[in-house]
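Comments concern the structure below.
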Amino acid sequence: MNALKKTLYDNYKAAAEKVIPDLTNNKFTQTGMLTKDEFKVACNHLMKIDSTWEWNVTDICLQKRNILCRVMKIEEDYNASETNEFDMSIYDFTEDDIDNTDTTITNTSGIINTTSETISKTKTIEIEMEDANDSDSDDDGLAELEDNTLISSDEATIQTSQQAVDSAGHYYDVYITYDQYYRTPRIWFIGKKVDGTLLSSEDTYTDFMAEYLKVSLTMELNPVLHMQCVSVHPCKHAYAMQRMIAYDMEKKDESEINIEDYLVYFMKFASSVIPQLEFDCTSL
């Protein structure tokens, strides 16, 4: 059943991305999203402050190669702030936030036929952020598809243990693309051995430890590389970014927070999810 739900969801998302207009009028500090042009600006700024990032495909996909996967052992009393220079706990994410808050796309006048994969009619697509305590306003087309079962329990989801195995000699290439559906960056990982041989799925799974952070990692097809990659599912990215930026706005004037720094914030979020890969060399 989970596989069927994932297939339906993937078909829906693929169809929706074909008709969703590009986001143009955006206030990223309030939505946590960014436009395609803002994504390019943020990517160029990230490359400027960290020269190890480069375009894989200009304006579409960033890459950073050969990141060593650190050997890590997660104990029951693991303290993220001791392992990561950037402490995500300051943003006060709770389990309820992760489970009940989402960025949704409401198709107000379009009909997407996921069975025939044809589009009957689409006029307006609105983007809105759900309130953190409101779990009842999900889009009708995704209410039963985009849930915790789909994201966290399908066969493609990486189920990891708290006890990591020795991953010495495993290196990862990291990629960042723009997700048209969620209007946020999406980060991808491809593992390989010292000789360049790609890691098996089993070897890849043992390198990632996500359960303790309540974050889902999935193995999905990268739309640019056209190969299966590990990815942090982007359904909560906009909310996480909005919370991070809102926290900084309590200490800074809004004029001090620029779209150029969007991916700097995103690096803090992504590196806290994947602490065993040290791909973030930026600072706020």
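The values are calculated or read from the model by the stated rules, or taken from the named source; none is laboratory data. All figures in this text were calculated on a predicted structure; none of them were measured in a lab. All Cβ positions, glycine included, derive from the backbone under ideal geometry; neighbour counts span all protein chains shown.
Here are the numbers for the structure shown:
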quantity	calculated
Meets criteria (crowded, with 16+ Cβ neighbours inside 10 Å, in a loop (DSSP other than H, G, I, E, B), more than 18 Å from the chain's Cα centre (by Cα) and modelled with pLDDT of 80 or more) for ASN56	no
Count - residues of region 11-61 that are small (Gly, Ala, Ser) and farther than 20 Å from ILE245 by Cβ	4
Neighbours by Cβ (under 8 Å, 6+ apart or cross-chain): first from region 175-196, on the phi > 0 side of the Ramachandran plot; second crowded, with 22+ Cβ neighbours inside 10 Å and not in a loop (DSSP other than H, G, I, E, B)	ARG183/THR103; ARG183/ALA238
Candidate set: region 179-212, residues that are surrounded by fewer than 23 Cβ atoms within 10 Å (Cβ to Cβ) and of a type in the set (Val, Ile, Thr); chosen: the one modelled with the lowest pLDDT	THR206
Close pairs (7 angstrom Cβ cut-off, 6 or more residues apart or separate chains): of a type in the set (D, E, K, R) in region 234-246, assigned to a helix (DSSP H, G or I) anywhere	LYS236/ILE98; ARG243/TYR91
TYR239 surrounded by 17 or more Cβ atoms within 10 Å (Cβ to Cβ), among the hydroxyl-bearing types (Ser, Thr, Tyr) and more than 28 Å from GLY169 (Cβ to Cβ)	yes
Subset tally (residues that are under 11 Å from THR184 (Cβ atoms) and more than 12 Å from the chain's Cα centre (by Cα)) for region 232-243	1
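Conditions (1) outside any strand (DSSP E or B); (2) more than 18 Å from PHE189 (Cβ to Cβ); (3) within 17 Å of the chain's Cα centre (by Cα), marked per residue:
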| position | (1), (2), (3) |
| --- | --- |
| GLU220 | no, no, yes |
| VAL224 | yes, no, yes |
| ILE245 | yes, yes, yes |
| LYS251 | yes, yes, no |
| LEU263 | yes, no, yes |
| ALA270 | yes, no, yes |
| CYS281 | yes, no, no |
